[in-house]
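Heads up: the structure comes next, in structure tokens.
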Amino acid sequence: MNTHNASDDPPPGIPATIPTTIPSSEYGPPQPINPLSLHLLPHPQRGNGVFTDRAIPAGTVIEESPVLLFSKEEWEEKGLDDTVLGSYGFCWSGGGMGLGLGLASLFNHSPKPNVNYIRSPQSRTIKFLASRSISPGEELCICYAADQSKLWFVPADEREFAARKEENGEDSEDDEERIMGLEVEEDKEVERKRKERESRKAAASTSSIRTAGSLQATSDSDLVSPPIQAPRPVRAPSFPSLTSSPPASRPSSANNAAHAIPTNALPAPLHSSAHKALSRRGTPTSSPSRGSVSRHEPDVSSRSSSKQRAGLVPDLKWSDDEWKDAKGRDKMPDGKVEGVDYGETIRIKGPAESENDGEDKDLIQVWILEFTDPKLTKTALNFSKEVWPNDVNERLRHLKRVCRRKENDLEICRIALCPIDEHSSESLSALMVAFSPDLGTLSPKTWSVPATGARTQEQLKYKHHIWPVSFSPAPIVPSSSSEAGWSLTKKAWVASGVKRVLELALEAKRNGEVPVATFCISPPDAFWPKSDGGFIAPTPNLRASSHDTRNSESHPLRHAVLNCVANIAHLRTVPPFADTTPARNGADYLLTGMCLFLSHEPCVMCSMALLHSRVKEVIYVFGQRRGGGFEIGSGDSVGFAANQGSEEASHELSPDAKGFGIHARRDLNHRYEVWRWDGHVDEAVRAELEIDEDLQL
Ligand SMILES: C[S@@+](CC[C@H](N)C(=O)[O-])C[C@H]1O[C@@H](n2cnc3c(N)ncnc32)[C@H](O)[C@@H]1O
């Protein structure tokens, strides 16, 4: 860009507010770089920036800059993100990048911009408009990202904030975010940390910017101020897809056994006599489907080693008949005690499930236009589509754009524009004027609207009253998951599973291990959900147990859950399961349709392992105060009480638990049901199995 002016005349007066460190050397004083008398001048912390020496009225078109387009592939293949160009690209349609020419590349970022921009894929330009009136001497800035944490550099305002804090003598040590922004030239350590933070932010920004990237320029004219700059490439993790069909068959179970799980993680193979016993007594059916379960029970005794319980373990000591009368109805046998012989459990909900509750009353604030003149509807609607193009704003996808109400005999039309943190009132007003003079008579208003769509009829009714929303009744977690629906026999079965897992945990303790145990079982078909279309039946008669072996194996990852998943994976590779269930190469770790009993709430790693394994249901006995995979305390920021038990039961859950609700999160690709045993546990057993709070289970 040539700022040289052959004339030696001084440039038009530059107000004192423009930085005085103007390079005047061989080219003389700086000259305007566009007809509006803008100047490219160095800013102490932002590199060069665009300044004006004149007042600019709101709505003024500052420049329509051309862009050089790069396809996504080209940009990524050439690694342009990692070159200097990486800071100058605008996300473009189809995931491509547009390198801004002219002023486009020179505007610095401000969280409170005075310039907005509109991308136009058709003309391959970006139009920049003053979003408010700009005074002489001001720097012209756009907003790269409404959420500053998504920037790939430390914005100057953060540094200024930190510097101010330091000047005021405030101790900012507890404020790492800010300290990182405080650049002390001589301090190498601070500089190193700052760089680390920038690269972390760059990585963190990728997903959100990606999202934004996919949103770019979906309409001809795409008006948004969110993230524009080039994302750093990050490879998406390759999670197994829930919906993908099982991979191809393996050649032989023996081969599969060798590659499914590293051999050092496997228990010893099943005893051969056990296999014979199974084939004599009736093998489990092949493709497990509803109602096809063989009622024959394999007569296989467990093998246990000092390190790990392996192989097929005995079934629960439980009989359906004992809990049913001749007509198949629930029957309470004599002498049985509630909470001991049959279950008392608390349902542990995950974050995604709160959306299913009629209680979901969260609201967010958006900008709206409100008017009574029906002639304005079309223009206002078109403007809304520009500010908030289809599919662009994830946060408002559930919201209908238009809300019509009759109030005091007046038809009032309200049109949603965008969340309030995406534009200031001034910037929206300026954009409205630029869009159509008809809108000049309106001013944006803030309005509260539902934060999510409706999942139940009650929610729809409630939310519609506030603002029309979309209705998507698909349940997050199968609707069968209500303890109220459990038969007495299921409650008794649960009680015996709990008893088994506590015995295993005590055995682990006797063996010098961390006393955590699991018992995983294919539930009898009587307990399969009656109406859940998505239910995939478990492999009949499959059962394994395990306990923690971190001590004996001197291996930090030998948690009980991981050991149990490995045991199941092993069982699937040996007869009878390998011979009779469909071979699913690499999928032997699956606990599909199974129920897992656990002595203690698992850690996040184990909760994720269970998620990957597609377990159906988990029942555990002792909760963890922090670091657990399930229980979200009622005081947690994720924000809802985690049970649907009785009042008393809810007090039993740790209100200050700091778990993660891994089992039912919208952002993960499988959900399972989780229950905590709330029945009797012998005090001596409880004391024996108590575990150091700092230990991640
Ligand atoms: C598109 S360029 C803007 C022009 C740039 N200042 C120059 O001199 O070429 C983006 C880069 O400017 C710097 N920058 C922009 N806004 C900033 C801000 N608010 N604080 C600190 N640096 C900023 C960052 O280094 C960023 O990578």
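With the requirement that a residue be in contact with a Pro (Cβ under 9 Å, 6 or more places away or on another chain), in a strand (DSSP E or B) and under 27 Å from VAL154 (Cα atoms), what does the stretch 110-135 give you? Once the filter is applied, which keeps residues that are in contact with a Pro (Cβ under 9 Å, 6 or more places away or on another chain), in a strand (DSSP E or B) and under 27 Å from VAL154 (Cα atoms), the stretch 110-135 yields ILE126, ALA130, ILE134.
Would you call ILE62 within 16 Å of the ligand (Cβ to nearest atom) and outside the structural domain of SER135 (by the TED database)? For ILE62, the condition - within 16 Å of the ligand (Cβ to nearest atom) and outside the structural domain of SER135 (by the TED database) - is not met.
Residues in the stretch 424-468 that are outside any helix (DSSP H, G or I), of a type outside the set (S, T, N, Q) and modelled with pLDDT of 90 or more were compared, and the one that is farthest from LEU381 (Cα to Cα) is PRO450. Restricted to the stretch 34-45, and to residues there that are among the hydrophobic types (A, V, I, L, M, F, W, C) and away from the ligand (no atom under 13 Å from the Cβ), the residue that is modelled with the lowest pLDDT is LEU36. Contact annotation: residue pairs with Cβ atoms under 8 Å, 6 or more positions apart or on different chains, pairing a residue in the stretch 538-565 that is among the charged types (D, E, K, R) with a partner that is assigned to a helix (DSSP H, G or I), are ASP548/ALA508; ASP548/ALA560; ASP548/ASN563; ARG558/ARG550. Selection of the stretch 412-451 for residues being touching a residue at least 60 places away in the same chain (Cβ under 8 Å), out of contact with any helix residue (DSSP H, G or I) (no Cβ under 6 Å at 6 or more places or on another chain) and either among the hydrophobic types (A, V, I, L, M, F, W, C) or more than 25 Å from ILE134 (Cβ to Cβ) (or both) yields LEU428, ALA430, LEU431, ALA434, LEU442, TRP447, SER448, VAL449, ALA451. Counting only strands (runs of 3 or more DSSP E) wholly contained in the stretch 33-104, the ones carrying 3 or more residues that are touching a residue at least 40 places away in the same chain (Cβ under 8 Å), touching a strand residue (DSSP E or B) at 6+ places or on another chain (Cβ under 6 Å) and under 15 Å from LYS127 (Cα atoms) occupy 61-70. Does LEU129 fit the bill of being more than 16 Å from the ligand (Cβ to nearest atom) and in contact with a Leu (Cβ under 8 Å, 6 or more places away or on another chain)? The answer is yes for LEU129.
Please specify each residue of the stretch 85-106 satisfying the condition of being near the ligand (Cβ under 10 Å from one of its atoms) and not aliphatic (A, V, I, L, M). Of everything in the stretch 85-106, those that are near the ligand (Cβ under 10 Å from one of its atoms) and not aliphatic (A, V, I, L, M) turn out to be GLY86, SER87, TYR88, GLY89, PHE90, GLY100, SER105.
Scanning the stretch 362-381 for residues that are exposed (fewer than 15 other Cβ atoms within 10 Å of the Cβ), over 29 Å from GLN459 (Cβ atoms) and not β-branched (Val, Ile, Thr) turns up ASP373, PRO374, LYS375, LYS378. Among the candidates ASP53, ASP82, ASP9, the residue that is at negative phi, more than 15 Å from the ligand (Cβ to nearest atom) and at pLDDT below 80 is uniquely ASP9.
Of the numbered criteria (1) hydroxyl-bearing (Ser, Thr, Tyr); (2) at pLDDT 85 or above; (3) more than 16 Å from the ligand (Cβ to nearest atom), the one SER120 fails is (2).
The values are calculated or read from the model by the stated rules, or taken from the named source; none is laboratory data. Please read these numbers as outputs of a predicted model, since none were measured by experiment. Glycine gets a Cβ as well: all are built from the backbone with ideal geometry, and neighbour counts include every protein chain shown.
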